[in-house]
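What follows is a short report on a single structure.
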């Protein structure tokens, strides 16, 4: 079953909107289940989804702990010298933040089922300027490259004799923090080189672009979009009213 | 007992039917300079990544100091084997050139003055001192290459593997590198270089291994004057 990339974009936007709107763990959990069912519907192997989620596990844990500690309120579950450390509201907030991120990343996996060229075409046909659509394509294409570069850095660090498994947490965080700037700056340098290469190859040399192919909505696309837009509208209305 | 031994090693990248390397039997001691040569795509880089534990073989076994390489962490391998990547940008991750050279030393517990001294030596030797506070990725290709080599050599590992170490180096700096490699080998350390630079290989290598289609096609000892075709 082939869906138009615009249909997938609509589904992603709808689910992401709901994930931002809801702020309690229950509905967010249901949204996560719905996202997973959607991925299964699109025949995406759950192991592939897990592969995208796994690198974020430490971030989820960190965010959860920060939210639990810094969002006090409700029933006090654990206190240290009368200072509430874990509260009912803190746990709710921590779970909500993690579930929200899980929903957004899970549903974004849907984009991997469409080629980047089709996504650009879809965005352009949605009247989004080509430059913006192309930026989206470049970001998607460079995401795996960026991930590979991070993996290379981690390998290179270890091959200089630093055992990341055995470095204490405090030092590990300091190490990652010190590595973050060069890695991000390196990515910016590459972006600059890419823009120069694009200019050299005549990017935006002519104001009008033509396309060999046009995407066509099928009836199933209309049905799917209608379902998502109507469902999201009802849920948003129920949440806001 | 060889320092590093490869027994019937084979490896294929995921999703590829053809093996990148197969049937590799090699042994390296802690002396001499070995060059691995061969055309593009012959499996040279894959072989070095297997030797450093970055990739795990699908078949066969790699032994480091008579223990399977799988039982070592990357950091433990890194303390024994220094590896210069083919693309130096892949192994430069610090905010300045000086930090890059001192990184491994600092994290292996060296004191600040010892790190400064050792860093200063390598900055001077590889003529990187004027750039000590520069962001490494702002350097030219040749300077990045020199920095990657200096950062690995600073840890003084017992064994060195360098993938295309002369790429981007001018004749003078190739000579400097050759001198240094001879010095390193003379100190009882093993060196493996992967190179297309036949002049450099002829000048520095004691042993030349020819790789083709992922298999060893020949092995030649230059200094010992023995010749083996596999």
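The values are calculated or read from the model by the stated rules, or taken from the named source; none is laboratory data. Just so we're clear, the structure is a prediction, and the values are computed from it rather than from any experiment. Cβ coordinates were reconstructed from backbone atoms using ideal geometry, including for glycine residues, and neighbour counts include every protein chain displayed.
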Residue in the range A:136-163 that is farthest from residue A:51 (Cα to Cα), counting only those that are in a helix (DSSP H, G or I) and facing chain B (nearest Cβ under 8 Å): A:159
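So is residue A:119 away from chain B (no Cβ under 12 Å), surrounded by 13 or more Cβ atoms within 10 Å (Cβ to Cβ) and outside any helix (DSSP H, G or I) or not? Walk me through how you get there before you give the answer.
Values: away from chain B (no Cβ under 12 Å): yes; surrounded by 13 or more Cβ atoms within 10 Å (Cβ to Cβ): yes; outside any helix (DSSP H, G or I): no.
For residue A:119, the condition - away from chain B (no Cβ under 12 Å), surrounded by 13 or more Cβ atoms within 10 Å (Cβ to Cβ) and outside any helix (DSSP H, G or I) - is not met.
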Residue list for the range B:109-124, restricted to those being surrounded by fewer than 17 Cβ atoms within 10 Å (Cβ to Cβ) and in contact (Cβ under 8 Å) with a residue 12 or more places away in the chain: B:116
Where residue A:233 falls short, out of the listed (1) more than 26 Å from the chain's Cα centre (by Cα); (2) loosely packed, with under 13 Cβ neighbours inside 10 Å: (1)
Evaluation of residue A:182 against (1) closer than 17 Å to residue B:136 by Cβ; (2) touching a helix residue (DSSP H, G or I) at 6+ places or on another chain (Cβ under 6 Å) (one fails), failing number: (2)
Test: residue in the range B:70-86 that is more than 24 Å from residue B:146 (Cα to Cα) and touching a strand residue (DSSP E or B) at 6+ places or on another chain (Cβ under 7 Å): yes
Residues of the range B:60-79 satisfying the condition of being at negative phi, surrounded by fewer than 19 Cβ atoms within 10 Å (Cβ to Cβ) and touching a residue at least 24 places away in the same chain (Cβ under 8 Å): B:61, B:63
Failed condition for residue B:92, given (1) crowded, with 21+ Cβ neighbours inside 10 Å; (2) within 14 Å of chain A (Cβ to nearest Cβ); (3) touching a residue at least 60 places away in the same chain (Cβ under 8 Å): (3)
Which numbered condition residue B:56 misses (of (1) more than 12 Å from chain A (Cβ to nearest Cβ); (2) within 18 Å of the chain's Cα centre (by Cα); (3) crowded, with 16+ Cβ neighbours inside 10 Å; (4) free of Cβ contacts under 8 Å to residues at least 60 places away in the same chain): (3)
Which numbered condition residue B:49 misses (of (1) in contact (Cβ under 8 Å) with a residue 40 or more places away in the chain; (2) buried (at least 16 other Cβ atoms within 10 Å of the Cβ); (3) within 18 Å of residue B:8 (Cα to Cα)): (1)
Qualifying position, being more than 10 Å from chain B (Cβ to nearest Cβ) and either free of Cβ contacts under 8 Å to residues at least 24 places away in the same chain or assigned to a helix (DSSP H, G or I) (or both), among A:166, A:177, A:209: A:177
Subset tally (residues that are within 14 Å of chain A (Cβ to nearest Cβ), surrounded by 15 or more Cβ atoms within 10 Å (Cβ to Cβ) and part of a helix (DSSP H, G or I)) for the range B:130-182: 11
Qualifying residue in the range A:42-59 (condition: crowded, with 17+ Cβ neighbours inside 10 Å, at pLDDT 85 or above and touching a helix residue (DSSP H, G or I) at 6+ places or on another chain (Cβ under 8 Å)): yes
Selection count where residues are assigned to a helix (DSSP H, G or I) and at pLDDT 90 or above, scope the range B:117-129: 9
